[in-house]
Amino acid sequence: MPATNFDIISYDRFSIPSSSSDEEFSDYTKIESSDDDSTKISNGDLKKSVKFNGYKEEANFESLPIKERHELFIRKCVDILIKEAVFEATNRNNKVLNFRNPEDLKKLFHFELNDSPSTHEELFELIQDTIKYSVKTGHPYFVNQLFSSLDPYGLVGQWLTDALNPSVYTYEVSPVFTLMEETVLREMRKIVGFANGEGDGIFCPGGSLANGYAISCARHKMFPEVKTKGLHSLPRLVLFTSEDAHYSIKKMASFQGLGADNVYAIKTDSCGKMDPRDLEIQIKRCIEEGASPFLVSATAGTTVLGAFDPLNELADICEKYHLWLHVDAAWGGGALMSKKYRHLLSGIERADSITWNPHKLLTAPQQCSTLLLKQEGLLADAHGTNAAYLFQKDKFYDVKYDTGDKHIQCGRRADVLKFWYMWKAKGTNGLVQHIEKVFENAAHFTELIRNRPGFELVHPTPECTNICFWYIPKSLRNEKSSKDYKERLHRVAPAMKEKMMKEGTMMVTYQSQKGNPNFFRIVFQNSGLNKQDMEHLVEEFERLGANL
């Protein structure tokens with residue numbers, strides 16, 4: 001049996017090479033031990049201990065880290081993560097992905113679950129294979145979705161979150177994170193423009209759920225009896241959002257029993273902004289039908305075009321008809337950090353609720369989504385049940401810090417920590433610099449392609465950092481008058497996307513919208529990119545489309 005009474009705290013080198021054998025650990029020397037001097041061990045004894053706990057050893061079933069059994073295993077895992085998932089995965093010279101078709105990946109990767117435990121060596125291989133076949137979303141040329149990058153401070157905050165494994169519903173079990181949430185949410189409300197940062201808010205598991213909370217709060221505000229009597233007590237409720245809004249509005253309305261047909265899609269202009277005139281027409285139509293309008297969901301940064309709805313005009317209409325104004329700023333909310341760009345969200349301070357996802361434009365690690373409300377206490381009124389086994393009122397501390405009852409969840413991650421840690425690391429000024437560089441990169445890319453042969457912007461003046469455009473191969477550049485031009489152009493983006501994924505050089509999404517043929521949407525939010533990267537991406541489009 002191995003010795004179990006010594007305490008290895010640190011070694012004279014931290015990094016363990018991926019190819020290390022047990023023998024290579026013989027030069028690890030003890031720097032600090034436990035208070036009991038009798039527990040000090042020599043290199044030889046340490047080598048024997050490591051050999052016993054070598055990588056051929058099977059994993060143990062007990063859910064408790066034991067220093068002698070797990071320290072080198074954990075260090076080795078962390079070393080693999082740092083080397084392969086952090087630095088190699090974000091290296092411009094490496095691939096964004098190593099694509100395999102589903103049936104091939106099933107053969108290459110050991111997805112099957114076994115009755116017997118795995119060895120530590122097998123577990124290392126699983127980590128490496130997971131990294132190998134995963135998309136490297138932190139890579140500078142992953143510009144495919146409304147999230148990207150790998151922020152080093154956010155990453156450490158994420159790791160710290162997982163190491164502590166908290167659940168944020170009472171101060172009793174999450175004292176640090178309860179107060180941390182209150183601090184961050186209040187600061188975000190100040191940035192939005194709510195007076196003195198007053199109001200309420202929660203961290204949600206994604207922007208879709210944040211939008212769902214907004215619908216729930218707006219409904220409860222107008223018809224509080226829904227909490228006890230249910231949908232049968234209500235008239236037909238109707239909410240309004242733009243035809244370019246995120247699909248979660250319709251999905252959440254369906255989920256909450258309102259029905260997708262009671263989400264009235266409002267027309268958008270050529271820029272993708274909601275048309276206030278059509279909104280008022282649809283509100284009047286709703287009233288004439290005998291239904292009850294109750295909420296308008298505006299968008300600050302639409303998913304595809306990145307359009308910002310005219311919030312002040314929409315707020316005027318909501319005040320006129322006594323409707324709740326929600327702003328889905330999941331994507332564009334980060335622009336509020338910069339005085340240079342916050343005008344894009346002018347009027348957001350008039351909203352009743354706001355969705356803002358720091359994991360999007362501010363690049364906090366997934367997931368980090370917030371709902372901010374102007375009215376304090378409404379979340380708890382709408383969702384609280386006062387469970388006596390968790391939210392006891394006779395605790396020895398101030399129970400106002402037991403915030404979990406305002407959530408529909410019970411168990412809940414401390415998503416605040418990674419964002420708070422990033423914010424502490426960079427300061428508000430650092431977040432401002434980040435936003436302004438991202439917008440500058442997007443503007444530079446736009447100007448590079450504006451008059452470049454083969455590129456055509458979907459909209460000539462993009463507002464946000466998602467740029468939509470067609471790449472037109474040479475074979476189509478003189479074919480615009482052809483009857484099948486749009487059909488042929490529609491096939492270009494999927495063909496280029498297939499090629500870029502199979503080669504792994506970059507990832508950029510595409511879509512069709514409003515009858516347009518497929519176009520690319522490149523998304524910039526990684527402030528680690530520079531003008532040379534913008535030029536490289538343009539040239540890569542030209543290379544991928546050269547022979548089409």
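The values are calculated or read from the model by the stated rules, or taken from the named source; none is laboratory data. The structure displayed is predicted, hence computed values, not measured ones. Positions of Cβ are backbone-derived with ideal geometry, glycine not excepted, and every protein chain shown enters the neighbour counts. SASA here: full protein model, heavy atoms, side chains in, ligands and nucleic acids out. Shrake-Rupley method; radii C 1.70, N 1.55, O 1.52, S 1.80 Å.
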Exercise. State all residues of the range 144-175 that are open to solvent by 30 Å² or more (accessible area, probe 1.4 Å), among the charged types (D, E, K, R) and in a loop (DSSP other than H, G, I, E, B); if no residue qualifies, say none.
Key: Glu172
Quiz item: Considering the range 348-380 alone, what residues qualify as being farther than 20 Å from His246 by Cα and small (Gly, Ala, Ser)?
Solution: Ala364, Gly377, Ala380
Quiz item: Only one of (1) closer than 17 Å to Ser242 by Cβ; (2) surrounded by fewer than 21 Cβ atoms within 10 Å (Cβ to Cβ) fails for Leu323. Which number is that?
Solution: (2)
Quiz item: Can you name the helices (runs of 4 or more DSSP H) wholly within the range 181-281 that have at least 1 residues being buried (at least 23 other Cβ atoms within 10 Å of the Cβ)?
Solution: 207-222, 248-255
Self-check item: Filter result for the condition that a residue is in contact with a His (Cβ under 8 Å, 6 or more places away or on another chain) and either open to solvent by less than 10 Å² (accessible area, probe 1.4 Å) or under 28 Å from Gly301 (Cβ atoms) (or both), over Cys464, Cys468
Solution: Cys468
Quiz item: Which one of these does Ile449 not meet: (1) farther than 19 Å from Gly334 by Cα; (2) open to solvent by 60 Å² or more (accessible area, probe 1.4 Å)?
Solution: (2)
Quiz item: Name the residues in the range 403-446 that are modelled with pLDDT under 95 and either open to solvent by less than 20 Å² (accessible area, probe 1.4 Å) or small (Gly, Ala, Ser) (or both), would you?
Solution: Thr403, Gly404, His407, Gly411, Arg412, Ala414
Quiz item: What single numbered condition from (1) in a loop (DSSP other than H, G, I, E, B); (2) polar (S, T, N, Q); (3) farther than 25 Å from Pro358 by Cβ; (4) open to solvent by less than 80 Å² (accessible area, probe 1.4 Å) fails to hold for Thr130?
Solution: (1)
Exercise. Could you tell me which residue of the range 513-548 is least open to solvent (accessible area, probe 1.4 Å), considering only residues that are polar (S, T, N, Q) and closer than 18 Å to Leu476 by Cα?
Key: Asn518
